[in-house]
Amino acid sequence: KVRMFGHSEYLKKAGYSTLLIDLRSFGKSDGNKITFGVNEWKEVEAAYDYMKSLSENKGKKIGFLGISMGGVISIITSAITGKGDFIIASTPYASFRSLFDFQIRKRGLPSFLFLPILRAVALFELGFNYEYYTAINMVGKVNVPIFITAASKDQIVNSADAKDIYDKANTPKEYWQTNTSHRAFKNNPKVFQKKILNFLSKYI
């Protein structure tokens, strides 16, 4: 969650409150296996329910802001639970297949050979229905304002994935592609926060 401190800072200055969480196997949370959203959405739902239960938040809108896998999990959580008043997903990947394929090709390896192996491993580690828990599959079930960002110089996920997710999203929706690496906020903080705050002021 320390990587989100910068977001909390500009959001606080704009009058918004934030709750930062470490997902399983991250930071100070327990666990030794990341499931890429297959299970993590339950933790995000629990955090949302906690925020919603606080008396000071009665009648206030609460949404999700996530980066990369966090953005994917935000979409999954909202789609499955129907909770959340908005979603901000920065540099998300569309699916496991897309993520695996991009990482394989980035390393100069033949995708046709290694992709089936990775998918078989994921099947064993994450369960037979793991591909159900993807942003591209879930975003059509989201019915709140969503803001999706892409990074044209992304070296972690395929930058085209964000646009694919956006195209399948329901309105209202907004899309922005920045000329940065995967960590779009770190590379261009002033423009990034301006885009986020404009989105929130427009829809929240």
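The values are calculated or read from the model by the stated rules, or taken from the named source; none is laboratory data. Note that the structure is predicted; figures quoted are calculated from it, not measured. We place every Cβ from the backbone using ideal geometry, glycine too, and count neighbours over all the protein chains shown. All accessible areas refer to the heavy atoms of the entire protein, side chains included, with ligands and DNA or RNA removed. Shrake-Rupley method; radii C 1.70, N 1.55, O 1.52, S 1.80 Å.
So, K61, is that one of a type in the set (K, R) and either assigned to a helix (DSSP H, G or I) or open to solvent by less than 50 Å² (accessible area, probe 1.4 Å) (or both) or not? It is false that K61 is of a type in the set (K, R) and either assigned to a helix (DSSP H, G or I) or open to solvent by less than 50 Å² (accessible area, probe 1.4 Å) (or both). Among the residues of the stretch 65-92, those that are within 8 Å of the chain's Cα centre (by Cα) and either assigned to a loop (DSSP other than H, G, I, E, B) or free of Cβ contacts under 8 Å to residues at least 24 places away in the same chain (or both) comprise S68, T91, P92.
Evaluation of L109 against the conditions (1) in a helix (DSSP H, G or I); (2) surrounded by fewer than 17 Cβ atoms within 10 Å (Cβ to Cβ); (3) hydrophobic (A, V, I, L, M, F, W, C) shows that the sole unmet condition is (1).
Regarding I196, is this residue within 19 Å of M69 (Cβ to Cβ), among the hydrophobic types (A, V, I, L, M, F, W, C) and surrounded by fewer than 18 Cβ atoms within 10 Å (Cβ to Cβ)? No, not satisfied.
Listed by first and then second residue, the pairs with beta-carbon distance under 8 Å, at least 6 apart or on different chains, first residue in the stretch 119-141 and closer than 21 Å to Q103 by Cβ, second among the basic types (K, R) and surrounded by 13 or more Cβ atoms within 10 Å (Cβ to Cβ), are R119/R97; E131/R97; I136/K168.
The condition of being out of contact with any Asp or Glu (no Cβ under 6 Å at 6 or more places or on another chain), assigned to a loop (DSSP other than H, G, I, E, B), open to solvent by 20 Å² or more (accessible area, probe 1.4 Å) and at pLDDT 95 or above does not hold for D49.
Figure legend. Inter-residue proximity from the stretch 156-174: first residues open to solvent by 40 Å² or more (accessible area, probe 1.4 Å), second residues β-branched (V, I, T) and at pLDDT 95 or above, beta-carbon distance below 7 Å, spacing 6+ or different chains. Indicated pairs: D164/I136; Y166/I148; K168/I136; K168/V139; N170/V142; K173/I146.
Please verify whether the stretch 3-12 includes one or more residues that are out of contact with any Phe, Trp or Tyr (no Cβ under 6 Å at 6 or more places or on another chain), of a type outside the set (S, T, Y) and outside any helix (DSSP H, G or I). The answer is no; no qualifying residue exists.
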